[in-house]
Structure formats: structure tokens, C-alpha cells
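Worksheet: the structure to be examined is printed underneath.
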Amino acid sequence: MKKTTGINFNWYVKAYDEKDLKETNLNLFKQVDIPNQPFELEVNNFNLKNIQQKYTYIYYLDEPKINKNQKVYLRFDGVAIESEIYVNQVKVGHHASGYTPYRVDITKQLKKEQQQEIKVIVSGIERKNVPPFGAIVDYLGYVGIYREVFVEVVDEHEIENVFLYSEKPLENDELSIEVKTNSKGGNIDIEIYKNNELVVNQSVSKDGDESLVKLEVTDKKLWSLEDPVLYDVLIKYSVNQTVYDEHKVRFGFRDIAFKSDGFYLNGKLRKISGLNRHQSYPYVGYAMPKQAQEDDVDILKDFLGVDMVRSSHYPCSTHFLNRCDERGLLVLEEIPGWQYIGDENFKNLTYESLERMIKRDRNHASICLWGVRINESQDDHDFYTKTNEIAHLLDPTRQTGGIRNLANSEFLEDVYTYNDFSHVGNNPGVSKKKEITKSSYPYLVSEYNGHMFPTKSFDQEGRRVDHAKRHLKVINDMREPHNGISGAIGWVMSDYHTHPSFGSGDVICYHGVLDMYRMPKYAAYSYRSQQDKEPVMEILSTMDIGDYPGGYLKEVNVFTNMDFIRLYKDDVYVNTFKPDKKQYPHLKHAPIVIKDFIGDTLKNQEKMTHKDAERTKAIFKAITIKGNKISFKHKLTLVYLSKKYHLSMIESIALYYKYMSGWGAKAPVYRYEGYKNDMIMMKKTITHDDEFICDVTSKKQTMIHGHTYDVIRFELKIVNGVNQIYRYSRDIIEINTKGPIELIGPAQQVVEGGQLAFWIKSKGKGKAKVIIKVRDQEIIKEVEVK
């Protein structure tokens with residue numbers, strides 16, 4: 001029986017030297033675990049030369065116990081960007097793609113009765129004709145063995161690949177299973193489980209090395225975004241009644257189609273809202289294990305509430321895809337690249353990456369589209385004809401797309417996928433489909449916003465609000481019925497590292513709706529507010545007049561899924577506000593835009609008539625904007641109202657300060673109450689409060705130290721006594737650990753926009769503590785590693 005063992009602990013690494021191939025001095029190496037980035041990156045302003053060089057990894061493998069008919073392979077799930085593998089000083093393999101798995105046969109190089117020395121020379125050098133490089137790309141490829149490594153002991157009879165599909169899941173219960181083995185003859189045994197209960201058991205004999213098995217899964221349940229039903233399929237390969245190999249795969253029955261009028265899931269037309277994602281993290285680049293990959297899916301699904309993610313611009317981790325299957329999150333997965341098309345070597349590597357990606361991932365229910373075109377590249381008829389042919393040959397059940405930023409370019413795929421950056425804040429959110437395709441092709445917007453309005457979590461409030469409104473505008477306009485747009489995938493989930501030619505001069509692109517730590521900017525609530533799983537009422541303002549010219553706060557946007565909001569000022573009812581369906585007619589939940597912070601209080605408190613109250617509010621607004629240069633009409637009205645209500649000049653000024661300016665006055669207390677079905681669901685308070693609280697949370701307290709290390713992500717917020725984030729906090733946080741855990745990154749980290757997240761990793765088993773210090777506060781979090 002095939003045996004797979006993770007070898008991810010106790011590796012050694014150092015900067016490469018030619019002598020490393022002939023001699024080993026472990027005193028020059030540092031011990032590391034896989035996944036690994038060979039050095040710790042700064043969050044920003046770091047030297048790219050540390051990435052764009054070679055590193056030597058060493059691992060000492062105990063001699064595998066094998067018989068004469070077995071072989072031993074090393075399998076690498078992801079190494080950035082190129083790698084050469086040596087076993088006992090003999091070169092056994094080379095791989096030139098950082099995003100797809102590969103394995104090498106090391107059987108002949110094994111030495112008996114001793115440890116086997118494995119050396120991996122890893123290169124982060126951006127060679128011109130190794131995808132994704134060629135030109136300078138808008139992200140980093142990093143360097144290192146950043147996904148897991150395994151030893152596979154394989155018998156003489158092996159399952160090489162399986163492919164499960166259902167051709168007509170809406171019409172019948174049939175499941176087709178293609179099995180490819182390395183030898184002819186034998187039996188294929190198939191067991192299908194649902195919720196650990198056996199529902200199908202079938203055995204077939206085979207003659208050749210390829211088999212097609214068709215069977216019925218009676219009363220099957222469909223996989224959907226709301227209910228992602230999965231079946232566990234166990235495939236065993238036996239010869240002469242001896243089982244030599246087995247393959248486990250999860251499968252979901254679903255029908256997916258992009259058509260000229262939109263996207264269909266299980267026969268129902270629906271709009272897709274999604275985000276692109278880079279797989280990079282602070283301090284470690286790509287090198288994060290299973291839990292971090294799954295956490296990103298949960299953030300996309302639970303917090304952001306999106307339907308779809310694009311693995312921009314390369315194949316993603318299988319841990320990420322497995323979680324997308326489990327949670328019901330659609331995936332557009334694509335080949336590595338960014339704008340550049342290279343020589344024949346480049347193209348051949350692209351074909352190879354495409355084939356490896358599809359063979360690895362075609363059983364994932366979540367994948368709805370293969371990206372077979374280099375992101376934003378020029379037309380290339382022969383090249384893209386072949387990528388489409390490869391995709392359709394390996395997976396005839398899925399459509400292909402080609403990510404482009406060209407209108408009316410040559411269309412060879414099944415879906416016209418277009419990066420639409422036409423929105424600039426005061427125009428339609430998306431281009432009309434007919435302007436881009438001049439056809440009835442299936443159409444999907446694959447990027448929007450991004451570089452058109454980069455925004456940092458610590459930017460001035462107005463910019464952060466505008467950033468959020470741009471995202472919301474695109475979502476609204478994309479959702480217009482009958483426009484032929486299947487959906488739109490925003491750029492991008494989180495901020496990411498890039499080359500100095502892009503970004504903000506500090507090697508970061510601040511294009512995310514989350515920051516690099518996965519903490520939300522206001523734009524995150526453009527997406528989060530559109531779901532109904534839990535109440536959302538995000539007030540996109542601290543209502544501090546010092547953030548606005550002349551102290552004039554024109555409006556407050558509340559991104560919410562509430563039916564209406566009641567606003568109170570100093571416990572006095574102001575007014576009730578409803579969603580702005582006029583400006584956002586196509587959103588499931590339009591934002592509530594509040595422009596009147598006086599409401600009925602002039603009537604109720606100052607005993608003015610409704611007409612006089614409205615006049616007074618208009619005059620107060622004019623004074624705030626123009627000072628003493630208000631119109632003659634306003635001046636006359638002011639005199640009239642002052643006489644009518646017996647107000648002296650001082651009393652009139654005091655009235656203005658009471659209701660508008662706030663200069664020199666005690667900070668008002670605003671209370672927002674959100675209602676759903678006439679029931680109060682949420683309350684939030686906005687005011688100045690002197691209390692300083694460091695709030696630290698995590699979604700789990702236990703780690704599993706398995707075939708590699710585990711991680712826990714902690715979220716930290718600096719808030720006041722009413723749980724309002726100090727948006728301009730730049731406090732230094734000191735983080736220490738005790739026990740079998742380790743902090744990822746430096747012990748001192750800086751809060752950005754009042755928020756920070758950090759990760760700890762397991763180093764062994766047992767109980768541990770995380771100690772967080774800020775100012776005079778100390779917070780202790782207990783964790784356990786099993």
C-alpha cells in the first residue's frame with residue numbers, strides 16, 4: 001500500500017554557496033520548519049535582493065523501508081520559484097514553477113543503513129522566461145519551500161490520477177469516475193460516503209491502464225453556495241486481490257454555466273460578487289500552513305460574505321481549495337503570469353503548469369472556471385488556442401476564461417473575463433457589456449477598483465469612505481438585472497507586497513479591502529453589508545469634525561443590512577433613516593446615508609415650527625460651509641427668526657454651536673439603533689471617550705502539531721469605552737510567548753488604523769501563553785498545542 005509521510009520539521013537553510021553542493025557545515029545553517037521563507041521579511045521597505053537570490057535547504061531522511069518492487073519519491077507541493085533537488089550529492093530533479101506540485105524518484109540514489117542527505121537549491125531569481133516573470137510584475141514571487149514536502153513510498157501498482165464528474169447533475173444521479181493507473185489489469189473498488197455513511201459500493205475489473213466507471217448515487221444532494229454538500233469517494237486499486245493503492249477525493253454534484261445572460265448555478269440565474277486574492281502574508285511571504293489558508297476562506301465567506309474568489313495570478317494551495325469546497329465559495333483558478341508572454345520555453349512551462357493545475361484540482365466542486373490566459377496579456381492566437389485545448393481536453397466539464405484588460409480582443413475562451421477599471425468615483429461602476437465585447441458572449445468582470453484608488457487603513461477618513469463607496473457602486477451597477485454581466489470580482493481581498501514600480505514606494509500595494517493582516521478597511525463593509533447571516537451596521541465615521549475642512553461633516557454613511565436606523569444625540573431622538581435605494585437601486589442592502597444630524601430636535605427642543613426648523617438648518621449649514629459670507633437671503637431669514645423666537649446675537653450663536661459646530665463644547669454622544677422587522681438588532685455609540693482598551697481575540701485556542709506546524713491568528717483592536725476604534729492609533733505592541741509556540745514576526749509590532757493581527761506557530765506540544773503588552777496594559781491568552 002502506498003504510504004505518504006510529511007517531512008516538514010527539522011530542515012536547515014542558509015544563503016546558497018557553490019560549496020554547498022560538495023560539503024555541508026551545519027554550523028552555517030539555521031534550523032527551520034516547512035512551510036518556510038528563508039529569512040524574515042520586514043512588513044515594508046525591505047531589500048528585494050534577499051528574495052531574488054538562491055538558498056540551500058538540507059534535510060536528513062531516515063532510510064525508507066522498501067521492498068524490491070517499491071519506489072520512493074519526494075513530493076514538493078510548492079517551491080518558489082525554481083528548485084534543484086540532490087539526494088546524496090546526486091541531482092535528481094529540477095522544477096521551474098513556484099505554484100504547482102512535483103515529485104522526483106529518488107529510489108536509485110538511496111544508500112543503505114544510513115540517513116539520506118536531501119539538498120534543495122531554491123532560487124527566487126526572476127528569470128525572464130520562467131512564469132510569472134519576464135516583465136516586472138505587480139506582486140512578488142518570494143523564495144523558499146513554502147508548501148509542504150512529503151515522502152511517498154509507492155508499490156509497483158499505483159493510481160496516477162482520478163477524475164470525477166457528473167455530466168447532467170440536474171437530470172440524473174450518474175457519477176463518472178476516470179481512473180488512470182501505471183499498470184494494466186486489476187480491479188477498481190469504489191466506496192462513496194455521505195456524512196460517513198456508505199451510500200455506494202461498486203467493484204469493476206479493468207484490462208488497460210485507464211478505466212471509466214459510471215455509477216448511480218441515488219437521491220443525491222446538490223452542492224451549492226448555501227449548502228455545499230460533499231461526498232467522500234474512496235477508490236482502491238488491487239491486483240490479484242492485493243490492494244496496492246487507494247485514492248481519497250471529495251466530490252460535489254453541481255451544475256455551473258456562464259451564459260450570455262449571466263451565471264447559472266444548478267439551473268438558477270444569480271449574480272456573483274467576489275474578490276481577488278494574493279496568497280501572501282506579513283513577514284513570511286507565501287509560507288503559511290493549512291490553517292492560515294483555511295482562515296482566508298472563512299474571512300471571504302463569513303466576514304466579507306462573497307460568492308467567489310479568483311486565485312490571482314497563479315494556482316493556489318489545495319488547503320485553500322478544500323476549504324472553498326467545504327464552505328461553498330466559487331473559485332476562478334488561473335495559470336501563473338502577469339501581462340508578459342515569453343519565448344517557447346515560457347510557453348512550454350505555461351502548458352505544463354496548466355496541465356498540473358487542472359489534474360490536481362479538477363475534482364474540486366468550488367472551481368467554476370479555468371483561467372487559461374496570462375493576466376492582462378496581449379492576444380496570441382496560437383498560444384491561447386493551445387491553452388484552451390489543454391483545458392478542454394483535461395476537463396471538458398468546465399468553461400475557460402481569459403483575463404484581459406482589452407476591449408474586443410480575440411476571444412478564444414468560453415467566457416469573456418475582463419478587468420474593468422472604468423469607474424473613477426463619479427461615473428457608472430462598470431462598462432456596458434456591448435462596449436467591451438460587441439457580442440453576446442458570457443461575460444464576467446474579473447477586476448475593478450484596485451489601483452484606481454489605493455487606500456491605507458490609516459488614511460484620512462474621507463478617503464477611506466470614498467474607497468468603500470467606489471466598491472459599493474460597482475457592486476450595485478453590476479447587479480443591474482438583464483445587463484448580461486455574470487458578476488464582478490473586486491481587486492483585491494488584502495494589501496500585498498509588490499515591486500517598487502508599483503505600490504506606494506514601500507513595496508506594498510494598498511489595494512485591499514483588508515490590510516495585509518486581514519483587518520478590515522471601510523471598503524470591507526461594502527461586501528459584508530450585503531449578507532443576511534448576521535446583523536451588520538458599520539458607521540463609516542468617527543464623527544470627529546477635525547477630520548473635515550471647516551469642521552463640516554456633510555454626511556455619514558452606514559453600511560448595513562438593517563431595515564432602518566434611529567439616531568439619537570445625547571439621548572434625544574433625531575430622526576429615522578432608511579436605505580438609499582434611489583442611489584443604490586440594485587443592492588440587496590443599500591447603505592443608509594445620514595445628512596441631517598439635527599432632525600426634529602429644533603422642533604422638539606426649541607419649539608420651532610417645522611418650516612422654521614428647516615430654514616434654521618439651511619442657515620446653519622450655509623454658515624458651516626461659507627462662514628460669514630452667507631447669502632443676503634439667509635441673513636435676512638436669520639434676523640427674522642431671531643426676532644420671532646426672541647434670540648439675542650449671543651443666543652443665536654450659542655444655538656448654532658449647540659446643533660452644528662461643537663467647537664469648544666462637550667463632545668456629543670450619538671447612538672445608532674438598527675432595526676430589522678421592527679425589532680432592534682444592534683446599538684452603537686459614537687463619542688469621544690478617554691478610555692484606552694486593547695482588545696485581543698482569536699477564533700480558536702487549540703493548535704494541532706501534525707505533519708507540519710499549525711498557526712493561530714489573533715486580532716487586536718485599540719478601542720475606547722464604547723468600543724469605537726481609535727483609527728489613528730500607531731501604538732507599539734510588544735508580543736511574547738511562553739511554551740511550545742513562537743511568534744511570527746518581530747516581538748514589537750505597530751498598530752495600523754487602530755488594528756493589528758498577528759500569528760503564532762506551534763513548535764511542539766503542550767500548554768502555552770501569549771503575552772501582549774501595550775502602554776500600561778498586559779493581556780495574556782492561553783493556548784494549547786496537541
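The values are calculated or read from the model by the stated rules, or taken from the named source; none is laboratory data. Remember, predicted model here, so these are calculated numbers, not experimental data. Every residue, glycine among them, receives a Cβ derived from its backbone with ideal geometry; neighbour counts consider all protein chains shown. Ligands, DNA and RNA are stripped out before the accessible areas are found, and what is left, the full protein with its side chains, is counted by its heavy atoms. Shrake-Rupley method; radii C 1.70, N 1.55, O 1.52, S 1.80 Å.
Numbers for the structure displayed
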read-out: Selected residue (only one of 376, 333, 326 is in contact with a strand residue (DSSP E or B) (Cβ under 9 Å, 6 or more places away or on another chain) and either of a type in the set (Phe, Trp, Tyr) or part of a strand (DSSP E or B) (or both)); value: 333
read-out: Test: residue in segment 105-127 that is among the small types (Gly, Ala, Ser) and under 22 Å from the mean Cα position of the chain (by Cα); value: no
read-out: Complete set of residues in segment 494-527 that are closer than 14 Å to residue 451 by Cβ and assigned to a strand (DSSP E or B); value: 496, 508, 509
read-out: Residue match in segment 409-432 (condition: surrounded by fewer than 20 Cβ atoms within 10 Å (Cβ to Cβ), in contact (Cβ under 8 Å) with a residue 24 or more places away in the chain and of a type in the set (Val, Ile, Thr)); value: yes
read-out: Which numbered condition residue 4 misses (of (1) more than 30 Å from residue 314 (Cβ to Cβ); (2) among the β-branched types (Val, Ile, Thr); (3) surrounded by fewer than 15 Cβ atoms within 10 Å (Cβ to Cβ)); value: (1)
read-out: Qualifying positions in segment 612-649 - over 20 Å from residue 545 (Cβ atoms), open to solvent by 40 Å² or more (accessible area, probe 1.4 Å), within 56 Å of the chain's Cα centre (by Cα) and not charged (D, E, K, R); value: 631, 632, 634, 638
read-out: Strands (runs of 3 or more DSSP E) lying entirely in segment 222-314 (those with 2 or more residues that are of a type in the set (A, V, I, L, M) and over 22 Å from residue 176 (Cα atoms)); value: 272-276, 308-310
read-out: In segment 589-611, the residues that are over 26 Å from residue 679 (Cβ atoms), among the β-branched types (Val, Ile, Thr) and open to solvent by less than 40 Å² (accessible area, probe 1.4 Å); value: 598
read-out: Residues that are open to solvent by 40 Å² or more (accessible area, probe 1.4 Å) and out of contact with any strand residue (DSSP E or B) (no Cβ under 7 Å at 6 or more places or on another chain), drawn from segment 574-588; value: 581, 582, 583, 585, 586, 588
read-out: Cβ-Cβ under 8 Å pairs, at least 6 apart or on other chains, segment 229-241 side over 19 Å from residue 206 (Cα atoms), far side assigned to a loop (DSSP other than H, G, I, E, B) and open to solvent by 10 Å² or more (accessible area, probe 1.4 Å); value: 229/221; 231/220; 232/196
read-out: Of all residues in segment 545-567 being part of a strand (DSSP E or B) and of a type outside the set (Ser, Thr, Tyr), the one that is most open to solvent (accessible area, probe 1.4 Å); value: 566
read-out: Single residue of segment 184-226 satisfying the filter (of a type in the set (S, T, N, Q) and surrounded by 15 or more Cβ atoms within 10 Å (Cβ to Cβ)) that is farthest from residue 253 (Cα to Cα); value: 187
read-out: Within segment 492-545, considering residues that are farther than 15 Å from residue 468 by Cβ and of a type in the set (Lys, Arg), the one modelled with the highest pLDDT; value: 518
read-out: Given (1) open to solvent by 50 Å² or more (accessible area, probe 1.4 Å); (2) part of a loop (DSSP other than H, G, I, E, B); (3) under 29 Å from residue 708 (Cβ atoms), index of the condition residue 171 fails; value: (3)
read-out: Checking residue 20 against (1) buried (at least 18 other Cβ atoms within 10 Å of the Cβ); (2) of a type in the set (D, E, K, R); (3) free of Cβ contacts under 8 Å to residues at least 60 places away in the same chain, the condition it does not meet; value: (3)
read-out: Residue match in segment 694-715 (condition: more than 30 Å from residue 33 (Cβ to Cβ) and either in contact with a Leu (Cβ under 6 Å, 6 or more places away or on another chain) or surrounded by fewer than 17 Cβ atoms within 10 Å (Cβ to Cβ) (or both)); value: yes
read-out: In segment 37-59, the residues that are open to solvent by less than 50 Å² (accessible area, probe 1.4 Å) and not in a loop (DSSP other than H, G, I, E, B); value: 48, 55, 56, 57, 58, 59
read-out: 1 or more residues over 29 Å from residue 311 (Cβ atoms) and open to solvent by less than 10 Å² (accessible area, probe 1.4 Å): qualifying strands (runs of 3 or more DSSP E) within segment 60-148; value: 71-76, 82-87, 116-123
read-out: Residue list for segment 203-260, restricted to those being among the polar types (S, T, N, Q) and either more than 18 Å from residue 190 (Cβ to Cβ) or out of contact with any strand residue (DSSP E or B) (no Cβ under 6 Å at 6 or more places or on another chain) (or both); value: 218, 224, 240, 241, 242, 260
read-out: So residue 14, is it basic (Lys, Arg) and closer than 30 Å to residue 494 by Cα; value: no
read-out: Residue 653 vs. criteria under 30 Å from residue 479 (Cβ atoms) and surrounded by 13 or more Cβ atoms within 10 Å (Cβ to Cβ); value: no
read-out: Which listed residue, of 79, 137, is at pLDDT 95 or above and among the hydrophobic types (A, V, I, L, M, F, W, C); value: 79
read-out: Some residue of segment 568-590 being part of a helix (DSSP H, G or I), touching a residue at least 40 places away in the same chain (Cβ under 8 Å) and in contact with a Phe, Trp or Tyr (Cβ under 9 Å, 6 or more places away or on another chain); value: no
read-out: Condition check for residue 681: touching a Lys or Arg at 6+ places or on another chain (Cβ under 9 Å) and of a type outside the set (S, T, N, Q); value: no
read-out: Boolean, residue 671 is of a type in the set (D, E, K, R) and within 26 Å of the chain's Cα centre (by Cα); value: no
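Here's the yes/no breakdown for (1) within 18 Å of residue 281 (Cα to Cα); (2) in contact with a Cys (Cβ under 6 Å, 6 or more places away or on another chain):
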{"residue": "498", "(1), (2)": "yes, yes"}
{"residue": "503", "(1), (2)": "yes, yes"}
{"residue": "510", "(1), (2)": "yes, no"}
{"residue": "522", "(1), (2)": "no, no"}
{"residue": "541", "(1), (2)": "no, no"}
{"residue": "544", "(1), (2)": "no, no"}
{"residue": "547", "(1), (2)": "no, no"}
{"residue": "552", "(1), (2)": "no, no"}
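Results for (1) surrounded by fewer than 19 Cβ atoms within 10 Å (Cβ to Cβ); (2) touching a strand residue (DSSP E or B) at 6+ places or on another chain (Cβ under 6 Å), shown as yes or no for each residue.
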| position | (1), (2) |
| --- | --- |
| 481 | yes, no |
| 486 | no, yes |
| 492 | no, yes |
| 496 | no, yes |
| 505 | yes, no |
| 510 | no, no |
| 518 | no, yes |
| 528 | no, no |
| 533 | yes, no |
